[in-house]
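Some notes on the structure that comes next.
The values are calculated or read from the model by the stated rules, or taken from the named source; none is laboratory data. These numbers were taken from a predicted model, which means no experiment stands behind them. All Cβ positions, glycine included, derive from the backbone under ideal geometry; neighbour counts span all protein chains shown. Side chains are part of the model used for accessible areas, which takes the heavy atoms of the whole protein and leaves out ligands, DNA and RNA. Shrake-Rupley method; radii C 1.70, N 1.55, O 1.52, S 1.80 Å.
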Amino acid sequence: MNFLAHLWLAERRGASLAGSILGDVIRGGDLSAYPAPIAIAVRQHRRIDAATDRHPAVVHLRGGYPDGQRRYAGIVLDLAYDHALALDWGRYSDEPLPAFCTRAGAAIAGAAPWFEQAGGRRSSARGFSDLLLSYAQAEGIDRAVLRTASRLRRPEPLLDAARDWRQQLPALRRSLPALLDDLGAIELEDIA
């Protein structure tokens, strides 16, 4: 799951939207420097990531990648699942996607000091909202893959793995409801 799905899941749990994104930024297990709502959402993010990686639908899709690309398939699938979620947003939320993205962007911008403390960058509300909205377009996912690849020492394997992500979209859309249900059912009350 990437940003949009993490935010959607956090919203369903009443968790910190900023913390659900900080789960990708904060390193290490010591979260004592962060407010409790953020620390709880970071822990939720990490459990969701682990459960996603083990989910049968994801394992099956990742298994379709050749050996040299399988290591990067999880990144591609996370981004492509966000595209599937954006395409079918009305099935999962009564709030229009642009309104949700605006609200999420404001939450991320409002938590800028926590992102900077974690070594991340400050995002504007509009910039983050636009990023989330871009996931509704295939080109937005392509740009996200390029951004991610640019941070790697060897970007080629990720770019190779992402080359045909659109062909998996029907399977992603079919498996997304069960995946979101399963991730939403993860017991998280003991992570505070």
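Under 10 °C and 1.306 mPa s, how fast does the chain diffuse according to Stokes-Einstein, given a Kirkwood radius computed over C-alpha pairs? Answer in µm²/s, whole number.
94 µm²/s
Shape of segment 84-146 from its Cα gyration tensor (a ≥ b ≥ c, root eigenvalues): rounded if a/c is under 1.5, otherwise prolate when a/b > b/c, or oblate?
oblate
So what is the calculated 222 nm ellipticity per residue for the chain, using -39500 (n - 2.57) for each DSSP H run with n of 4 or more, over all residues, to the nearest 500 deg cm²/dmol?
So the calculated ellipticity at 222 nm is -21500 deg cm²/dmol.
Quick one: length gained pulling His60 to Asp130 fully straight, 0.36 nm per residue minus the C-alpha distance?
Difference between extended and current length: 22.1 nm.
Note the full-extension length gain between Arg103 and Ala50 as 0.36 nm times their separation in residues minus their Cα-Cα distance, in nm to one decimal.
Here the answer is 16.4 nm.
What FRET efficiency, computed as 1/(1 + (r/R0)^6) with R0 = 41 Å and r the Cβ-Cβ distance, is obtained for Ala33 and Asp88, rounded to the nearest 0.05?
So, using R0 = 41 Å, E works out to roughly 0.65.
Mind listing the phi-derived Karplus ³J(HN,Hα) values for segment 161-172, rounded to whole Hz, using 6.51, -1.76 and 1.60 with θ = phi - 60°, and x for any glycine or proline?
5, 8, 3, 10, 4, 4, 5, 8, 4, x, 5, 5
Whole-Hz ³J(HN,Hα) for each residue in segment 113-128, computed from phi via Karplus 6.51 cos²θ - 1.76 cosθ + 1.60 with θ = phi - 60°, x for glycine and proline: what do you get?
So the Karplus estimates, Gly and Pro as x, are x, 6, 5, 5, 4, 7, x, x, 9, 6, 10, 7, 4, 5, x, 6 Hz.
Using the Karplus curve 6.51 cos²θ - 1.76 cosθ + 1.60 with θ = phi - 60°, work out ³J(HN,Hα) for each residue of segment 36-41 in order, rounded to whole Hz, and write x for Gly and Pro.
3, x, 6, 4, 4, 5
Starting from the Cα-Cα distance between Arg71 and Gln167, subtract it from 0.36 nm times their residue separation and give me the gain in nm to one decimal.
Stretched fully, the Arg71-Gln167 segment lengthens by 32.7 nm.
Magnitude of the Cβ-charge dipole of segment 1-143, K/R +1 and D/E -1, about the Cα centre, nearest 20 debye?
340 debye
Let a ≥ b ≥ c be the square roots of the eigenvalues of the Cα gyration tensor of segment 21-99; is it rounded (a/c under 1.5), or, if not, prolate (a/b larger than b/c) or oblate?
Judged from the Cα gyration tensor, segment 21-99 comes out oblate (a/c at least 1.5, b/c at or above a/b).
Scan around Ala15 for amide H atoms under 5 Å from its own, H built in the peptide plane at 1.01 Å from N, and keep only partners 5 or more places away or cross-chain.
Amide H neighbours of Ala15: none.
Over the chain, with the other protein chains present, what is the accessible area per residue in square angstrom, probe 1.4 angstrom?
Heavy-atom SASA per residue in the chain reads 49 Å².
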